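Report on the following structure.
None of the figures in this text is laboratory data; all of them are computed from the coordinates on show. Fair warning: this is a prediction, and the values are worked out from it, not measured in the lab. Glycine also receives a Cβ, built like all others from the backbone with ideal geometry; neighbour counts cover every protein chain displayed.
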Amino acid sequence: MAATIVIFGASGDLTSRKLIPALYQLYRKGRLSSTLNIVGVSRTKFTHAEWREELARSTEKFVGESFNSENWEQFAERIYYQPGDIGQPDDFTSLSKFLDELEGGETCTRVYYLSTAPRFYQPAIEQLGQAGMSCESNGPRRVVIEKPFGTDLKSARELNRVTHEVFAEQQVYRIDHYLGKETVQNLLVLRFGNTIFEPIWNRNYIDHVQITVAEEVDVGSRAGYYDSAGVVRDMVQNHLLQLLMVAAMEAPVRYEADSIRNEKVKVLHAIRPLETEQIRDYTFRGQYRGYTSSKGVEPTSRTPTFAALKLWIDNWRWQGVPFYLRSGKAMSCRTTQIVIQFHCPPHNLFENSPTSLGESNRLVIQVQPAEGIQLHFQTKVPDAGMKMRQTDLNFNYQKEFRGAIPEAYERLLLDALEGDASLFARADEVEAAWKVCDPILEAWTARDKPTLFMYDPGFWGPDECREWMLAQGREWFDTC
Ligand code: BG6
């Protein structure tokens, strides 16, 4: 079926940095329908040709070597631009007319991609409704909503309510690009496409799980947005909780959107709510030195750029197994990893048997940038009695499969066009994620909020966070 993707916020950073490069790569690989049209909408007054030229420059910059001018020219023929203001109903009438003409009245899938500033999500959805653009009489109509979906539970509920007045839930695709990452999907395969991991993936064998999303970059030019969001809204409520859900969920009955999302949301419901008096013991907030001198940040800002949390999942599989989540900007390196730390052996047979968790079995799932999986285990040192040393089995994506790992947006855009919502968040899922985060956000802004620890850029967050972990007999796995 023919398809049109309409990008609201066309002149924005996400469009040029991620969306158009991903669509171009899909085109280059022959994955897009030959009748796909791409229509950009924003207030800037571009002609079709001007927007194409602008995108040619940015796409070349972001896709690097895989850019090919001839290929681009063919791809660009399907790109159009329609100026429009989300506040103006007339602009939606014109847009609707433009799309109808472009599609020639044929049955066509339409994906409305909201890549605008979050405050425009609600008005854009309302305008689409008023212009009758969600009606599916001439083909499927879907809306893709970028993160952040709300700023707390209340606003997320309101956004869901407004969205559902215009679109049915199966038309709504709430995006979290972490789910589009190959290695995150591979976690499902690792767990449910193999037999050896699942039997030990539980409290009987696992001491704790660590999920780290460390970024080397600081807030850069996004300080204005970031200062009002902070690390919990920017990273924890979405990306880290998504990783936690995939690591902790039960096997879905089928590989199908609702089966998967049912299992994921059960994990969120099982997370023990943090009581106000526990926030000091179970959460940790930090800010990198120099943050307050960034352009767009209040000099007195107390916005956390680093967070560490200890969460408990109250179910049979995970009872008593803490999940440590941590994320920060301006850290030592860029790395996203999930560490499954197994118990120490129950009885010491050899002269230097592991007695600390650091020496015990550990499975490290490297989500990025060195995509792969390592299994650490003890090995006998040759010619040294029964002395042991930690060694590892190392699976590396690049070595094994060669070729570049696709950008998350490629997979997600294709899924949205094809109507597969498996890797998108459902309404109840985003609300349940806010339910986990709201008490933390409230306690962190209360009068007697926990200390904001400072850290130097280029390190693994505040020293106090390392000590906090050591005091629990555990250690962060600080490896790039
Ligand atoms: C975004 C956050 O959702 O994810 C950014 O808003 C963050 O602050 C980014 O830098 C990280 O994404 P990735 O794919 O580079 O890990």
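What to note about this one:
- The stretch 257-376, relative contact order in percent, only Cα pairs under 8 angstrom and at least six apart counted: 17 percent
- Normalised per residue, the volume of the convex hull around the Cα set of the stretch 3-175 (Å³): 111 Å³
- Residues whose amide H lies under 5 Å from that of Met454, counting only those 5 or more places away or on a different chain, are Gln287; hydrogens are built 1.01 Å from N in the peptide plane.
- DSSP bridge orientation in the chain - percent antiparallel, rounded to nearest 5: 50 percent
- The relative contact order of the stretch 199-327, computed from alpha carbon pairs under 8 Å that lie at least 6 residues apart in sequence, is 38 percent.
- The chain - charge dipole about Cα centre, Lys and Arg +1 at Cβ, Asp and Glu -1, debye rounded to 20: 680 debye
- Using the Cα coordinates of the chain, the gyration tensor eigenvalues translate into equivalent-ellipsoid semi-axes of 41, 25, 22 Å, sorted from longest to shortest.
- The chain: Cys lacking any partner C-beta under 4.7 angstrom: Cys108, Cys135, Cys344, Cys437, Cys465
- Sorted fewest first by neighbouring Cβ atoms within 10 angstrom, Met1, Met469 come out as Met1, Met469.
- Kirkwood-type radius of the stretch 131-177, with distances r between different C-alpha atoms, in Å: 11.5 Å
- Annotation: lysines with alpha-carbon distance below 28 angstrom to Lys154 (same-chain offsets under eight excluded): Lys264, Lys266, Lys310, Lys329, Lys435, Lys449.
- Remark: Tyr113, Tyr288 ranked as Tyr288, Tyr113, counting other beta-carbon atoms within 10 Å and listing the fewest first.
- Contact order, relative form, for the stretch 227-285: 24 percent (alpha carbon pairs under 8 Å, 6 or more residues apart, mean separation divided by residue count).
- Alpha-carbon Rg/Rh ratio, for the stretch 278-411, with Rh computed the Kirkwood way: 1.07
- Residue-averaged [θ]222 nm for the chain, counting only DSSP H segments that reach four residues, each worth -39500 (n - 2.57): -10000 deg cm²/dmol
- Sequence-distant residues sharing a close amide H with Thr4 (under 5 Å, placed H): Asn37, Thr109, Arg110, Val111
- Student exercise, the stretch 3-175 dipole from Lys, Arg, Asp, Glu Cβ charges, in Debye to nearest 20: 580 debye
- With Cα atoms defining each centre, the stretch 279-334 and the stretch 151-226 are spaced 16 Å apart in the structure.
- Where only alpha carbons of the stretch 377-480 are counted, the Rg and the Dmax (Å): 22.3, 62
- Relative to one another, the C-alpha centroids of the stretch 400-429 and the stretch 103-137 are positioned 21 Å apart.
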